[in-house]
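Below is one structure; the comments refer to it alone.
The values are calculated or read from the model by the stated rules, or taken from the named source; none is laboratory data. Computed from a predicted model, the values in this text were never measured in an experiment. Reconstructed Cβ throughout: ideal geometry from the backbone, glycine too, with neighbour counts over all protein chains shown. We work out accessible area using only protein heavy atoms, side chains counted, and drop any ligands, DNA or RNA first. Shrake-Rupley method; radii C 1.70, N 1.55, O 1.52, S 1.80 Å.
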Amino acid sequence: MRARLRSIIGLILVALVISICFIPQVQTLLSLPDYQRLIVGETTTININLPSNIDNKIEMKVMNPSRSVFAYPEDPPVMVTRNGSSYQIVALKPGEASVKLKLMGYIPLKSIKIESVSPKRVVVGGHSIGVLLQSKGIMVVGFAPVLGKDGDRQYPARDQGIQIGDLIFKVNGKSITTETDLARTIDQEKDNELVVSIKRRDKNINLTVKPVYCSETQRRRIGLYVRDGVVGVGTLTFWDPDSSQYAALGHIIIDADTKQGINVLKGKIVSASIQTVKAARPGRPGEKIGIFNEKGNIEGNIIKNSYFGIYGKTNSEITNPLSRYVMEVGYSNQVKPGKAQIYTVVNGDTIEAFDIEIEKVYPERQNGKGMVIKVTDPRLLSLTGGIIQGMSGSPIIQNERIIGAVTHVFLNDPQRGYGIFMDNMLPELLDNKQTQKKVSTFDLH
């Protein structure tokens, strides 16, 4: 009898939970994010507005807060208070906690992980920079025919399995970092077979290639086009005064031919001056054209070429005449559709602010495309047609906070593009060991 009664009560509770879940207000609660970041002192409000007979059976509590050894046990990083039919979550101090929404005190409906972080301030970028990047090894970008004695075209490396996108880092045990290294090694080995060590995606492979004498160049060759680095113009996003570290571009540097990210051997950034602009049109990307100024105010190394931009350390302090004081960082939960600005250079080295509209916000995206933005500034549209190459990394400012950077353009609609959140860029800052590396200065061949 008791077992049957328990079964009936269980069925009633299940039916009650299912029926509650179909109430629109509860569906809204269940659709709340699983994770949210709050700045210390910030408050977020969750409105419930349920029927009174259900509203009284729901409660929200802070569970499993992370604690400092110096904090009292009753001092969690966040606090939840109820105000009528809504709950307010207040960030009190740095830390993490789970906020759980329960029915009748024990039936879980929703759990939200809350991270409370200290306010962060950085120097806003917008500066044009020259980027010089040398890869770890040389990348195969094409195959070049070797003309034999009879005029026949041969492809020794391709025939032995080398592919476009492979990274050659050793030949016969000798390190290869430039195109010249490869040519010199082939000359030295003469007619001997070469053991070519390559990196293909995440695998290291050794392939044997025999050079062929080229009647056209009168040298031994293996029939490859290779590249050992890239040079270009981009935009600085921010500079951290606490560590002298910078972030720029907002996306990874890829090889134009292979479409693969470049592993950094060494690199540097320098000041750049924009000389002219090629305006964008639908189907045709625009471009900033500039010259490098190695005597400018910006010089730093490149240590990381990540999915969310390039990172390194500068030799000296960086300032921004548009924003003479450090600016607070805004996170994805603070970004709203509406008016904003970008800082960028379109002439010389003068940083200017231009109006944009944030059309859509996708806080859950971690792919560098968290915002859809539209250029609305008449002057910028007349000069560039919208977003152009070299504008990547231009900081986005909303409500006096730096919230991210420009990353991509819509090819068929250059007025629009994507922006990355600061949430994605800040964690990429380097640890102390990496920042001890000396600034590299080198020439790319």
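Maximal additional length on extending the Lys113-Ser7 stretch stands at 34.8 nm, based on 0.36 nm per residue less the C-alpha distance.
For Lys149 and Ser175, a Förster radius of 35 Å and the Cβ-Cβ distance give a FRET efficiency of 0.60, rounded to the nearest 0.05.
Between Arg121 and Asn347, the modelled label-to-label distance comes to 3.3 nm, taking each label 7 Å out from Cα in the direction of the beta carbon. For segment 186-248, the carbon plus sulfur part of the accessible surface works out to 40%, probe radius 1.4 Å. Taking packing as the residue-averaged number of other Cβ atoms within 10 angstrom, the listed peptides 180-189, 159-168 run from highest to lowest as 159-168, 180-189. Protein heavy-atom accessible surface, 1.4 Å probe, per residue over segment 318-387: 47 Å². For the listed residue pairs Lys268/Lys339; Lys278/Lys339; Lys170/Lys266; Lys120/Lys304; Lys149/Lys199; Lys149/Lys190, the alpha carbons are over 24 angstrom apart in Lys268/Lys339; Lys278/Lys339; Lys149/Lys199.
For segment 163-224, take the alpha-carbon Rg, divide it by the Kirkwood Rh, and send me Rg/Rh.
Here Rg/Rh amounts to 0.96.
Placing Ser7, Ser382 in order of accessible area, with the largest value first and a 1.4 Å probe, yields Ser382, Ser7.
Taking a ≥ b ≥ c as the square roots of the eigenvalues of the alpha-carbon gyration tensor, segment 94-191 is classed prolate because a/c is 1.5 or more and a/b outweighs b/c.
For segment 171-184, putting each phi into the Karplus relation 6.51 cos²θ - 1.76 cosθ + 1.60 with θ = phi - 60° gives couplings of 9, 6, x, 8, 5, 10, 10, 9, 4, 5, 4, 5, 4, 5 Hz, in residue order, rounded to whole numbers and with x for Gly and Pro.
Extension gain, Asn399 to Arg281: 0.36 nm times the residue separation minus the Cα-Cα distance gives 39.4 nm. The 3J(HN,Hα) values that the Karplus relation (6.51, -1.76, 1.60; θ = phi - 60°) gives for segment 329-341 are, in residue order, 7, x, 9, 4, 6, 9, 7, 10, x, x, 5, 7, 9 Hz. Gly and Pro appear as x.
In terms of overall dimensions, the C-alpha atoms belonging to segment 310-385 reach 36, 33, 23 Å along their principal axes, ordered largest to smallest. Near Ser271: Cβ cut-off under 12 Å, other residues only, Lys/Arg at +1 and Asp/Glu at -1. The net charge is -1. You can think of it this way: the chain between Arg365 and Ser316 has 14.2 nm of extra reach, that is 0.36 nm per residue less the Cα-Cα gap.
Residue by residue, segment 207-217 carries 3J(HN,Hα) couplings of 10, 9, 10, 9, x, 10, 6, 9, 6, 7, 9 Hz when phi is fed to the Karplus relation 6.51 cos²θ - 1.76 cosθ + 1.60 (θ = phi - 60°); x denotes Gly or Pro. Amide H contacts of Glu299: Asn315, Ser316, each under 5 Å away and 5 or more positions distant or on a separate chain (H built 1.01 Å from N in the peptide plane; Pro and chain starts excluded).
Applying both filters, DSSP loop and at most 12 other Cβ atoms within 10 Å, to the trypsin sites (Lys or Arg not before Pro) of segment 119-179 gives Lys149. Our analysis of segment 234-362 gives Rg over Rh at 0.96, with the two radii drawn from alpha carbon positions and Rh computed by the Kirkwood formula.
The mean sequence separation of alpha-carbon pairs under 8 Å and at least six residues apart, normalised by the residue count of segment 236-384, gives a relative contact order of 21 percent. Taking a quarter of the surface of the Cα convex hull of segment 123-272 gives a mean projected area of 10.4 nm².
Sites listed here are trypsin sites (Lys or Arg not before Pro) in segment 307-346 whose DSSP assignment is loop and whose Cβ has at most 13 other Cβ atoms within 10 Å: Arg324.
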